[in-house]
Amino acid sequence: MPQWIPACATDDVDPEDVIPFEHAGESYAVYRSPDDVYYATAGHCSHERELLCDGLVMGGVIECPKHNGRFDYTSGKAMGAPVLVDLRTYPTKVEGGTVYIELA
């Protein structure tokens, strides 16, 4: 059954940036767009499992720090080689200054 898990405070993530979040042994990446919308994806690149929180965020895209694979962090869509598998995405919500991720 899906549950809303508190991931971070809204101020923990700068606009157009990403932070890591771990829960129950899994890694996630939490993003904040320039217009203050929050997104969450799997925490590792689908190419070689590098942590995405160390990557570059720009224009709605996260770039993996290892091989520069790029994903649309709003949809998880892989944007071309070397990344060919989309990232899993998770619904988010903000309540009382806390960002929640819906996890199954």
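Remarks
- Of the residues making up the range 64-83, those that are assigned to a strand (DSSP E or B) and crowded, with 18+ Cβ neighbours inside 10 Å number 5.
- Pick from the range 84-104, criterion among the charged types (D, E, K, R) and in contact (Cβ under 8 Å) with a residue 12 or more places away in the chain, ranking: surrounded by the most Cβ atoms within 10 Å (Cβ to Cβ): 86
- Test: residue in the range 26-38 that is open to solvent by 80 Å² or more (accessible area, probe 1.4 Å), touching a Leu at 6+ places or on another chain (Cβ under 9 Å) and acidic (Asp, Glu): yes
- Out of 16, 50, 26, 22, sole residue that is modelled with pLDDT under 95, acidic (Asp, Glu) and more than 13 Å from residue 99 (Cα to Cα): 50
- Residue 16 at positive phi and either of a type in the set (Gly, Ala, Ser) or open to solvent by 20 Å² or more (accessible area, probe 1.4 Å) (or both): yes
- Sole exception among (1) more than 23 Å from residue 2 (Cα to Cα); (2) touching a residue at least 24 places away in the same chain (Cβ under 8 Å); (3) not hydroxyl-bearing (Ser, Thr, Tyr) for residue 80, by number: (2)
- Scanning the range 39-63 for residues that are assigned to a strand (DSSP E or B) and open to solvent by 20 Å² or more (accessible area, probe 1.4 Å) turns up 39, 42, 44, 51, 56, 58, 63.
- Here residue 5 meets each of (1) assigned to a loop (DSSP other than H, G, I, E, B); (2) in contact with a strand residue (DSSP E or B) (Cβ under 6 Å, 6 or more places away or on another chain) with one exception, condition (1).
The values are calculated or read from the model by the stated rules, or taken from the named source; none is laboratory data. Treat the numbers as computed from the prediction; the structure is a model and nothing was measured. Cβ: placed from backbone, ideal geometry, glycine included. Neighbour counts: every protein chain shown. Keep in mind that these areas ignore ligands, DNA and RNA; they rest on the heavy atoms of the full protein, side chains included. Shrake-Rupley method; radii C 1.70, N 1.55, O 1.52, S 1.80 Å.
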